[in-house]
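The values are calculated or read from the model by the stated rules, or taken from the named source; none is laboratory data. Computed from a prediction, not measured in an experiment: that's the story for all the values here. Heads up, the Cβs are rebuilt from the backbone with ideal geometry, glycines too, and the neighbour counts pull from every protein chain shown.
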Amino acid sequence: MSAPFEDIEARLRAALAPIEPPAHLQQRVEETLGSLVELAADELEAWELAAIKDPRNWPRAAVGPAAAVVVGSGAAIGLVVLRTQRRRHRRRAQSHGARDLAARTMRDAMREARKVFDELAPDR
């Protein structure tokens with residue numbers, strides 16, 4: 001009676017096993033997110049504060065920077081998550097429990113966030 005259920009369980013386990021995406025795909029996603037962060041930073045840099053003086057320009061002047069903040073923040077967060085996720089196996093092997101793994105993951109995420117910020121900072 002348990003043999004059919006074991007077969008189904010084995011098939012489900014095989015079908016739902018996590019797979020690693022190809023390296024070229026990770027690189028392409030990382031490059032795309034990086035370029036979105038740079039484009040958003042350029043848009044914010046080009047934003048003219050003088051346009052705010054006239055209230056008629058507020059809706060038009062606020063859309064570009066608001067979109068740049070949303071897109072740039074989302075891309076930066078995605079870049080940090082992607083880079084942090086890449087080293088998850090090493091962190092898991094080095095950790096000594098769930099609390100240590102969470103601490104190591106947070107340290108890696110903060111390190112990657114600093115890298116993303118530093119990549120933009122020299123140009124600004």
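Taking the condition out of contact with any helix residue (DSSP H, G or I) (no Cβ under 8 Å at 6 or more places or on another chain), under 30 Å from residue 121 (Cβ atoms) and at pLDDT 80 or above, does residue 42 pass? Criteria met by residue 42. If the condition is being exposed (fewer than 13 other Cβ atoms within 10 Å of the Cβ) and at pLDDT below 85, then segment 68-84 contributes no residue at all. Considering 37, 80, the condition of being in contact with a helix residue (DSSP H, G or I) (Cβ under 7 Å, 6 or more places away or on another chain), closer than 18 Å to residue 109 by Cα, β-branched (Val, Ile, Thr) and in contact (Cβ under 8 Å) with a residue 40 or more places away in the chain is satisfied by 37 alone.
Flag not set for residue 109, criterion: surrounded by 12 or more Cβ atoms within 10 Å (Cβ to Cβ), farther than 26 Å from residue 43 by Cβ and under 19 Å from the mean Cα position of the chain (by Cα).
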